[in-house]
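The values are calculated or read from the model by the stated rules, or taken from the named source; none is laboratory data. Just so you know, these numbers come straight off a predicted model, no measurement behind them. When we count neighbours, we look across all protein chains shown, and the Cβ atoms used for this are built from the backbone with ideal geometry, even at glycine.
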């Protein structure tokens, strides 16, 4: 997986590319853990994500829980296949998509 982060003011945009799975989810988790302070908005750009596993879902849901305490989180550019995983799990009802 490839991650690209960009901070503007209190907004952090993380663009993801590849699969968000058991092997790569810890990379996203580590990246977010180092960047939480001072963030009021987290944007996860999924335009390059082709697959998400339960490990990836766990990291996304934890990020949303964390951001619920200090701001908001948005998922952008989620393709149909990945969006279907969020829908099957019911997480699409809990997360904000743009």
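See the values below:
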| quantity | calculated |
| --- | --- |
| Test for residue 40: is it in contact with a strand residue (DSSP E or B) (Cβ under 8 Å, 6 or more places away or on another chain), over 19 Å from residue 11 (Cα atoms) and at pLDDT 95 or above | no |
| Residue within segment 33-47 that is surrounded by 15 or more Cβ atoms within 10 Å (Cβ to Cβ), closer than 18 Å to residue 87 by Cα and touching a helix residue (DSSP H, G or I) at 6+ places or on another chain (Cβ under 9 Å) present | yes |
